[in-house]
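Down below is the structure, laid out as structure tokens.
Bear in mind that the values in this text are calculations on the coordinates, not laboratory data. The structure presented is a predicted model; accordingly, all values stated were derived computationally and were not measured. No Cβ is skipped: glycine too gets one built from the backbone with ideal geometry, and neighbour counts run over all protein chains shown.
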Amino acid sequence: MSTPATHERLYVRLDEDPLHGPEAAMPAGALRAFPVSAALRAHVAHILCYREALPEGRELLERVLPDGAVRLVFNLGDAPSAGAGEGQPVEAIGASAAPALVRLRGRVEGLSVTLRPGAAAALLGMPAGEIAGTAVHLDQLWRGEGAMLRERMAEAPDDAARVALLDTALRQRLGASDFAAHPAAVRAAQLIAASGGRLSLREVAAGVGVGERRLQQLFQQQVGLSPRAWSRLARLHACLRALRRPAAAGWAELALDGGFYDQAHLANEFRALCGLTPTEFVGRTAISHSSKTAA
């Protein structure tokens, strides 16, 4: 059996991006966003439907930059896989501060649900920290209801009907849940993101009215990451936003403006969080930054 031809592309999505960031080279029509109902907006940030057919013998590696969110994924086609394991038809993907290399083959189709900080416990029945950095079959958490929902989605006539089924299922789970988001953790996540990761743990803890140690415990439970990891992602995302500007500054200035110690610190964070150097990242994006060079 011949080895599939493998290509790699970037997937970047920041909070304000409707489908994906301009750095990504997604085929037109591959993604479609659906509005989140009022009943779910406090818990669900985004609902995306995806559909893409890869030619036989072709394999695509999608480098997904981390955003720290917990996701629910319902695969209706050939399930993408990350790492050495096989893809799963329905899964809960825990929060991570590491890039994911997702392997795509065949007919890729399904729905992805991005949860807001603090929402995982209510919808999954367990703290977000318990699945951090991994993906688990949703039926382990939903006792078979994940596969049943996927089957109903597969029989639905279109994406809108699938999203309606999803909406009903999530609202039912919220109504029956004994878990609720902790306001201090949710507010802390918002403060860190709004500051671009520039607030210290002490400043964040004071801003939400809890001690530093308690905040770390709550954050790990509710978000699935430490406040420090969330801050690192917030700094990276702020840097990516700065790179999107038509007259973006040089790397040394971006590092200073973004709260990094220096240009070397920025380069190290790019490698750790993206798996690429800044120059490699710019070289793979669909945005032209001909003047950008860095380690």
Using alpha-carbon pairs under 8 Å, 6+ residues apart, how would you state the relative contact order of the chain in percent?
17
For M26, M153, M148, what ranking results if the residue with the fewest other Cβ atoms within 10 Å of its Cβ goes first?
M148, M26, M153
Counting pairs of alpha carbon atoms under 8 Å apart in space and at least six apart in sequence, what relative contact order in percent does segment 183-284 give?
23
Rounded to the nearest 500 deg cm²/dmol, what is the calculated helix-only ellipticity per residue at 222 nm for the chain, with -39500 (n - 2.57) per DSSP H run of length n ≥ 4?
-11000 deg cm²/dmol
Determine the gain in length on full extension of the stretch S177-E212; use 0.36 nm per residue of separation and subtract their C-alpha separation, reporting nm with one decimal.
9.8 nm
Which parts of segment 27-45 would a label at Q190 reach, counting a residue when its backbone N lies under 20 Å from a point 7 Å out along Cα-to-Cβ?
36-45
Separation of segment 110-139 and segment 217-286 by C-alpha centroid, Å?
24
What share of Cα pairs, in percent, lie more than 25 angstrom apart in the chain?
50
Pop a pseudo-label 7 angstrom from the Cα along the beta-carbon direction at both R241 and A30 and give the gap in nm to one decimal.
2.6
Interchain or sequence-distant (5+) residues whose placed amide H lies within less than 5 Å of the amide H of A24 are V12, A286
Simple SL model, points at 7 angstrom along Cα→Cβ for T134 and E253; separation in nm is 4.6
Restrict the search to segment 12-69; then list the GluC sites (Glu not before Pro) that DSSP places in a loop and that have at most 12 other Cβ atoms within 10 Å of their Cβ.
E16, E56
Let me make sure I get this right: for segment 5-176, a, b and c are the square roots of the gyration tensor eigenvalues over alpha carbons, sorted descending. Under 1.5 in a/c it's rounded, otherwise prolate if a/b > b/c, else oblate. Which is it?
rounded
Could you check the spin-label model distance between L61 and R284? Points 7 Å from the Cα along Cα→Cβ, value in nm.
0.8
Among G125, G85, G197, the residue with the largest mean-square fluctuation in a Gaussian network model of the chain built from Cα contacts under 10 Å is G85
